[in-house]
1. Give me the percent of the accessible area of the chain that comes from carbon and sulfur atoms, probe 1.4 Å, all protein chains in place.
2. Can you give me the accessible area per residue for the chain, using a 1.4 Å probe, in Å²?
3. Using a basic spin-label model with each label point 7 Å from the Cα along Cα→Cβ, how many nm lie between K46 and A108?
4. So what's the back-of-envelope 222 nm ellipticity for the chain, counting only DSSP H runs of four-plus at -39500 (n - 2.57) apiece and dividing by all residues, rounded to 500?
5. Please give every one of the aspartates and glutamates within straight-line cross-link reach of K27, meaning a C-alpha to C-alpha distance under 13 Å, and leave out same-chain neighbours fewer than 8 residues apart.
6. For N126 and E88, calculate 0.36 nm times their separation in residues minus their Cα-Cα distance, and state this gained length in nm to one decimal.
7. For the chain, just say rounded, prolate or oblate: build the C-alpha gyration tensor, square-root its eigenvalues into a ≥ b ≥ c, call rounded for a/c under 1.5, and beyond that prolate if a/b exceeds b/c, oblate if not.
8. Measure nothing fancy, just the Cα-based angle from helix 76-98's long axis to the longest principal axis of the chain, in degrees from 0 to 90, nearest 10.
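The values are calculated or read from the model by the stated rules, or taken from the named source; none is laboratory data. Predicted, not measured: the structure shown is a model, and the values here were computed from it. Cβ coordinates were reconstructed from backbone atoms using ideal geometry, including for glycine residues, and neighbour counts include every protein chain displayed. To get the accessible areas, we keep the full protein, side chains included, count just its heavy atoms, and leave off ligands, DNA and RNA. Shrake-Rupley method; radii C 1.70, N 1.55, O 1.52, S 1.80 Å.
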Amino acid sequence: MSGIRDGRGFFLKHTAMALYSNLPVYKATYDLLIEFYRREDTIPRKYRYSIVEEIKRHLCDLLSMVYQANASQDKKPFLRQAMRDIEEVKIRVRILSDLHVLGVKHFADLCVREESISKQLTAWHNSVR
């Protein structure tokens, strides 16, 4: 029998919930956030403390939404907010690209990462009843 015993010796049904930190969408978002911290020094100061700070804030909010969605029975509100956060990140990354702050290769890499996160969130949202 799988499960745990209660204080009276009865087996309780064991329901495994994935740790939020093991979810692929969490890992992808975390890696994207770390990428912005690593490359922060290469971005001009006038964009670093405005656009890049907003990107990092939205990515941190997204990580929080993934955690909350994973822990909640009603996941949809958290997933909807996470999807809004990744869209905010996409907009700001596009602005950095249009201002020629990001090179083409770096912009393309960020777009691939953002799209991966977006697709995972959408699939998770669609799978929730």
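1. About 54 percent, which is the carbon plus sulfur part of the accessible surface.
2. Counting only protein heavy atoms, the per-residue value for the chain is 64 Å².
3. 2.9 nm
4. About -21500 deg cm²/dmol.
5. Hits, sequence-local ones excluded: E35, E114.
6. 11.6 nm
7. Prolate is the answer for the chain, as a/c is 1.5 or above and a/b outweighs b/c.
8. 20 degrees
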